[in-house]
Amino acid sequence: MRPTKVTGYYGRPVLKAPVWKSAIPLYFFTGGVAGASSTLAFAAGLRGNRRLARSAMLASVAGVAASGPLLVIDLGKPSRFLNMLRVAKPTSPMSVGSWVLTAFAPASMAAAASDVTGRLPRLGRVAAGAGAVLGPVVATYTAVLVANTAIPAWHDAHRELPFLFVGSAAASAAGIAMIATPVADAGPARRLAMMGAALELGAFRAMESRLDEAVAGPYMHGRAGRLAKAAEACSATGAVLAVTAGRRRRRAAVTAGALLCAGSLLTRFSVFRAGIESAADPAATIDPQRRRVDGRGTVGA
Amino acid sequence: MRHPAGPATPMTRMGFFTDTSICIGCKACEVACKEWNDVPDDGFDFLATSYDNTGGLSADTWRHVAFVEQPVSVPALGENGIRWLMSSDVCKHCTHAACLEVCPTGALFRTEFDTVVVQQDICNGCGYCVPACPFGVIDERESDGRVWKCTLCYDRLKSDLEPACAKACPTKSIQFGPLDELRARAAGRLGALREAGVADARLYGADETDGVGGFGAFFLLLDKPEVYGLPPDPVVTTRDLPRMWRAAAGAALALVGAVAAACARQR
Ligand code: SF4
């Protein structure tokens, strides 16, 4: 008696798709803007570029202000959002992130408030320093958050996703700084835009080529794939425009900044969407695992 | 092995051994679970997948009986036909439970019976456990925003009763007891089946060295796990977490470096 081979159970997904809505990829964007902007503000401040420091600080506050509500709306029980601070768990990037944000948000706001009002300058400097240190954590932990799931397109990309997210965060923070700062003072933002976009595009390519072919699909085809292509086009054009016409003309700088933000936002939505498509595909879960088992040559499973 | 997040006083680990070779597909377990735990209905869809209109485990289905119809040929009789595989699926109550490890509120916890349970008065519906589970077990109940799954009848266990599904199973396909005893019994049963010529019989989740440290609710299957919709080599995602944080640290430093380089000149 030899049963004919059937793969999967009536083609049903093995995994459950994330229940998160668009608020989450939006938060990846706003959190990235907030985190990278704080670091940019601090460095610009150290170098005495007050104009750039000021616009980056305000961008950070805007990012923080948008992030809070986005995170709360997405909870199934928004009234219980404070339960996030009930425990501290290193095995949960969401717990780590909640604590980091709890420290980062007041730092970002205090730094900007002190800068704008000119009050308590010493406290303002400490807050700006704290924001600069915590900012990169805020911009990166979200990549670990999605990678730390069973979803193949996220989990298996855990090496590249942090670089993708950081590049995307740098590009968007630089883009906003270019929009909000006179061309003469925005040189560091333009250079950061170039580096951020390069990191974003490079990490995406690296991820696509390293992933198992059963897993990489969503990043290349379908809706997530189309979002990724649009993201790439926006980021690349924005970066090139930033360091060419953007160096001289304000209008070009604003266009470049907007394109960089659009690219970053599309990147987040592409990754998010790829995760949902990956969870729905039983082959993405089963095939690599089956090859692993067969490779080990053990009986058991 | 005791789990770091385990209870302070170690007790005997309790679990399920689901022996699918004697499952008759009666779904008494599905019904008993719903009745005892007051689980709401999950819609009445016609799925056209054999006798299974439940589909899979969900927030509102904590036991699910899979029906696999496999075309087979029986050369001795010169006939073609089908064979039935039936299996009652349930939360695996993993030794290293991803749902519990990623839960940011501590709503998911390990009980004194070494089972994994959601405290409904704490869950804030963040949804992180849902994509973390390598088996697609835990899910959000849309009507209330929180996540739900098998509790291994925590309330019954505390009253020295066996879980509702095991109690209702007429063939003892679902067996409840101390995990050590169940594993010994399962090994014996596997030996007997192999001896009787059932070469494809295998235990699923009885091995403590697997990617989730073994299941508290394990199975005897008659085919590959994926045939039943189960992942063949599940791994708790947090196993790779140190590597992920290292990559993130590298990325964070890259950001600092890029900002520093960008600001090397003042304007
Ligand atoms: S099977 Fe899924 S829901 Fe059950 S304990 Fe394991 S990770 Fe948690």
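The values are calculated or read from the model by the stated rules, or taken from the named source; none is laboratory data. Everything numeric in this text was worked out from a predicted model, so none of it was measured. Methodologically, a virtual Cβ is constructed for each residue, glycine included, from the backbone with ideal geometry; neighbour enumeration extends over all protein chains shown. All accessible areas refer to the heavy atoms of the entire protein, side chains included, with ligands and DNA or RNA removed. Shrake-Rupley method; radii C 1.70, N 1.55, O 1.52, S 1.80 Å.
Given Cα positions, please report Rg to Rh for the stretch A:34-108, the hydrodynamic radius being the Kirkwood one. Display every interim value, and only then the final one.
Working: Rg = 14.8 Å, Rh = 13.6 Å.
Ratio of gyration radius to Kirkwood radius for the stretch A:34-108: 1.09.
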*10 Å Cβ neighbours from other chains, averaged over peptide A:157-163*: 6
*Given springs between every Cα pair under 10 Å in a Gaussian network model of chain B, which of B:Glu79, B:Glu162, B:Glu30 has the largest fluctuation?*
B:Glu79
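Out of all DSSP beta bridges with both ends in the protein assembly as shown, state the antiparallel percent to the nearest 5. Mind dumping the intermediate values first?
Working: 28 of 32 bridges.
Antiparallel: roughly 90 percent of the beta bridges in the protein assembly as shown.
In debye to the nearest 20, how big a dipole does the stretch B:14-235 give about its Cα centre with +1 on each Lys and Arg Cβ and -1 on each Asp and Glu Cβ?
Numbers: 19 positive and 33 negative charges, 100 e Å.
About 480 debye.
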*Taking the Cα atoms only, what angle lies between the long axis of helix B:179-195 and the longest principal axis of chain B, rounded to 10 degrees?*
50
*Along the charge dipole of chain B, Cβ charges K/R +1 and D/E -1, which of B:Thr171, B:Phe218, B:Val259 sits furthest on the positive end?*
B:Val259
*Please state the relative contact order of chain A as a whole percent: Cα pairs under 8 Å, 6+ residues apart?*
23
*asked:* Using the basic label-point model (7 angstrom from Cα toward the beta carbon), what is the B:Val31 to B:Asp180 distance in nanometres?
replied: 3.8
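If eta is 0.890 mPa s and T is 25 °C, what Stokes-Einstein diffusion coefficient results for the protein assembly as shown, Kirkwood Rh from Cα pairs, in µm²/s? Don't skip to the end; give the middle numbers.
Working: Rh = 25.1 Å.
After rounding, the answer is 98 µm²/s.
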*Taking +1 at the Cβ of each Lys and Arg and -1 at the Cβ of each Asp and Glu, which of B:Phe135, A:Leu199, B:Tyr204 sits farthest along the dipole of the protein assembly as shown towards its positive end, judged by Cα position relative to the Cα centre?*
A:Leu199
*Kindly provide the pair-distance distribution of the stretch A:181-275 built from C-alpha pairs, with 10 Å bins from 0 and whole-percent values in order of increasing distance.*
18, 44, 24, 12, 2
*Using a basic spin-label model with each label point 7 Å from the Cα along Cα→Cβ, how many nm lie between A:Arg86 and A:Arg251?*
5.6
_Could you order the peptides B:122-130, A:248-256 from most to least packed, using the average number of other C-beta atoms within 10 Å per residue?_
B:122-130, A:248-256
*Mind listing the long-range amide H neighbours of B:Val212? Cut-off is under 5 Å, sequence gap 5 or more, other chains count too, H placed in the peptide plane at 1.01 Å from N.*
B:Val236
_Under 5 Å between amide hydrogens, which residues at least 5 positions from B:Cys94 or on another chain qualify, with H placed 1.01 Å from N in the peptide plane?_
B:Gly216
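Using the Kyte-Doolittle scale, which helices in chain A average at least 0.0 and also have C-alpha atoms spread 20 Å or more along the helix axis, with helices defined as whole DSSP H runs? Don't jump to the answer; show the numbers that get you there.
Numbers: long enough: A:23-46 (34 Å, 1.32); A:50-73 (35 Å, 1.11); A:93-117 (35 Å, 0.92); A:121-147 (39 Å, 1.21); A:161-180 (28 Å, 1.84); A:187-210 (35 Å, 0.09); A:222-243 (32 Å, 0.63); A:250-280 (45 Å, 0.78); A:282-296 (21 Å, -1.37).
What comes out of the filter, once short or polar helices are dropped, is A:23-46, A:50-73, A:93-117, A:121-147, A:161-180, A:187-210, A:222-243, A:250-280.
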*At a probe size of 1.4 Å, how large is the accessible area of A:Thr244, to the nearest 10 Å²?*
60
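Within a Cβ distance under 15 Å of A:Ser114, other residues only, what is the Lys/Arg minus Asp/Glu net charge? Show your work: numbers first, answer last.
Numbers: positive: A:Arg50, A:Arg54, A:Arg119, A:Arg122, A:Arg125; negative: A:Asp115.
After counting each charged neighbour, the total is +4.
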*State the answer as a single residue: which of B:Ala28, B:Val72, B:Thr95 lies farthest towards the positive end of the charge dipole of the protein assembly as shown, with beta carbon charges of +1 for Lys and Arg and -1 for Asp and Glu, about the Cα centre.*
B:Thr95
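Hey, got the average number of other protein chain Cβ atoms within 10 angstrom for residues in B:68-76? Before the final figure, lay out the partial values.
On the way: counts 4, 2, 6, 4, 4, 4, 2, 2, 1.
Partner-chain Cβ atoms within 10 Å, mean over residues of B:68-76: 3.
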*With chain B treated as a Gaussian network of Cα nodes joined by springs under 10 Å, which of B:Leu108, B:Leu57, B:Leu241 yields the largest mean-square fluctuation?*
B:Leu241
*For the protein assembly as shown, size of Cβ-based charge dipole, Lys and Arg +1, Asp and Glu -1, in debye*: 3180
*Using Cα atoms only, what is the angle between the long axis of helix B:241-262 and the major principal axis of chain B, expressed in degrees (0 to 90) to the nearest 10?*
30
_Can you compute the modelled spin-label distance between B:Lys158 and B:Asn80, with each label point 7 Å from Cα toward Cβ, in nm?_
5.6
*Sequence ranges A:273-282, A:95-104, B:132-141, ranked by mean other-Cβ count within 10 angstrom, highest first*: B:132-141, A:273-282, A:95-104
_What's the whole-number percent of alpha carbon pairs in chain B lying beyond 30 angstrom?_
34
*Could you order peptides B:38-49, B:195-206 by the average number of other Cβ atoms within 10 Å of their residues, highest first?*
B:195-206, B:38-49
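What FRET efficiency, computed as 1/(1 + (r/R0)^6) with R0 = 60 Å and r the Cβ-Cβ distance, is obtained for B:Phe46 and B:Gln266, rounded to the nearest 0.05? Intermediate values should be presented prior to the final figure.
On the way: r = 70 Å, r/R0 = 1.16.
Computed FRET efficiency for B:Phe46 and B:Gln266 comes out at 0.30.
Pull out a ≥ b ≥ c, the square roots of the eigenvalues of the alpha-carbon gyration tensor of the stretch A:83-193, then state rounded if a/c is under 1.5, prolate if not and a/b is larger than b/c, and oblate in the remaining case. Don't skip to the answer; put the middle values down first.
On the way: a/c = 3.55, a/b = 1.35, b/c = 2.64.
Because a/c hits 1.5 or more and a/b fails to exceed b/c, the stretch A:83-193 counts as oblate.
Where does the stretch B:95-216 land on Rg(C-alpha)/(2.2 N^0.38 Å)? The partial results should precede the final answer.
Numbers: Rg = 16.6 Å, N = 122, 2.2 N^0.38 = 13.7 Å.
This ratio for the stretch B:95-216 stands at 1.21.
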_B:His96 accessible area, assembled protein chains, probe 1.4 Å, Å²_ = 50
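Taking only pairs that are 8 or more places apart or on different chains, how many Lys pairs in the stretch B:14-235 have Cα atoms under 15 angstrom apart? Numbers along the way, then the final one.
Values: B:Lys27/B:Lys167; B:Lys27/B:Lys172; B:Lys34/B:Lys149; B:Lys34/B:Lys167; B:Lys92/B:Lys149.
Lysine pairs meeting the criterion: 5.
Determine the shielding of peptide A:186-194 by partner chains: average, over its residues, the number of Cβ atoms on other chains within 10 angstrom of each Cβ.
Numbers: counts 1, 5, 9, 2, 1, 7, 7, 1, 2.
So the per-residue partner count for this stretch is 4.
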*Order A:Phe272, B:Phe109, most accessible first, counting only protein heavy atoms with a 1.4 angstrom probe.*
B:Phe109, A:Phe272
_Just to confirm the number: angle between the C-alpha axis of helix B:28-37 and the first principal axis of chain B, 0 to 90 degrees, nearest 10?_
50
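By the gyration tensor of its Cα atoms, with a ≥ b ≥ c the square roots of the eigenvalues, what is the shape of the stretch A:23-288: rounded for a/c under 1.5, prolate for a/b over b/c, or oblate?
Values: a/c = 2.35, a/b = 1.27, b/c = 1.85.
Since a/c reaches 1.5 but b/c is at least a/b, the shape of the stretch A:23-288 is classed as oblate.
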